[in-house]
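As structure tokens, the structure follows; a few thoughts come after it.
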Amino acid sequence: NAGVMQNPRHLVRRRGQEARLRCSPMKGHSHVYWYRQLPEEGLKFMVYLQKENIIDESGMPKERFSAEFPKEGPSILRIQQVVRGDSAAYFCASSRRGGEEKLFFGSGTQLSVL
Amino acid sequence: SQQGEEDPQALSIQEGENATMNCSYKTSINNLQWYRQNSGRGLVHLILIRSNEREKHSGRLRVTLDTSKKSSSLLITASRAADTASYFCATDLNQAGTALIFGKGTTLSVSS
């Protein structure tokens, strides 16, 4: 039973380009969460999705960032027109149910903006 | 916004010693969870304690929860070099449809 899969593991983009981060949750999990981690910092919540629905996007920057979790396929975190401040590790987690469940994390995508 | 705050920020101990990390939070919760992160990796769930529980054990881990003080502690007994990692507490916001909020973590270094 594969865990949460994130790809790519490392992503390098130049300022102004788009970054697409993918996350496949564990089998049987329909809840996906995206977090961002800066060096020496904890995880900052970004967005919580269920299949085809955004449940909570209170942690998402209002501009340039979007997320989706379609009926088929992985969840995508999309960052348009990246800036150097977007450089961070982006982690995806999944759970079978929302609310009180423990989360299973992927290994993250390290985004570097040049 | 941060819900949980761990202290200390960093902790260095010798193998065999116990390590205690604390977490304080601001609002009422349904449960509190502790996670571990090895360098460059994702987080791994360690233990969950519900708001109506006061103490929980799992192997060498002992977690306490004091809802009146809005605080929790994680004790690792007889530490090993392999316990070297960052440890985070995470809380929900006692609201339906909310995600876990993590603190900044405690970095534990165990030297042999």
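The values are calculated or read from the model by the stated rules, or taken from the named source; none is laboratory data. Note that the structure is a prediction, hence the values are computed from the model and not measured. When we count neighbours, we look across all protein chains shown, and the Cβ atoms used for this are built from the backbone with ideal geometry, even at glycine.
Laid out as a table, the results:
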{"item": "Extreme residue, modelled with the highest pLDDT, among residues of region A:31-75 that are surrounded by fewer than 21 Cβ atoms within 10 Å (Cβ to Cβ) and among the basic types (Lys, Arg)", "result": "A:Arg64"}
{"item": "Subset of region A:76-101 that is away from every other protein chain (no Cβ under 14 Å) and out of contact with any strand residue (DSSP E or B) (no Cβ under 6 Å at 6 or more places or on another chain) - its residue that is surrounded by the fewest Cβ atoms within 10 Å (Cβ to Cβ)", "result": "A:Gly85"}
{"item": "For B:Ile49: the one exception among (1) in a strand (DSSP E or B); (2) buried (at least 18 other Cβ atoms within 10 Å of the Cβ); (3) in contact (Cβ under 8 Å) with a residue 40 or more places away in the chain", "result": "(3)"}
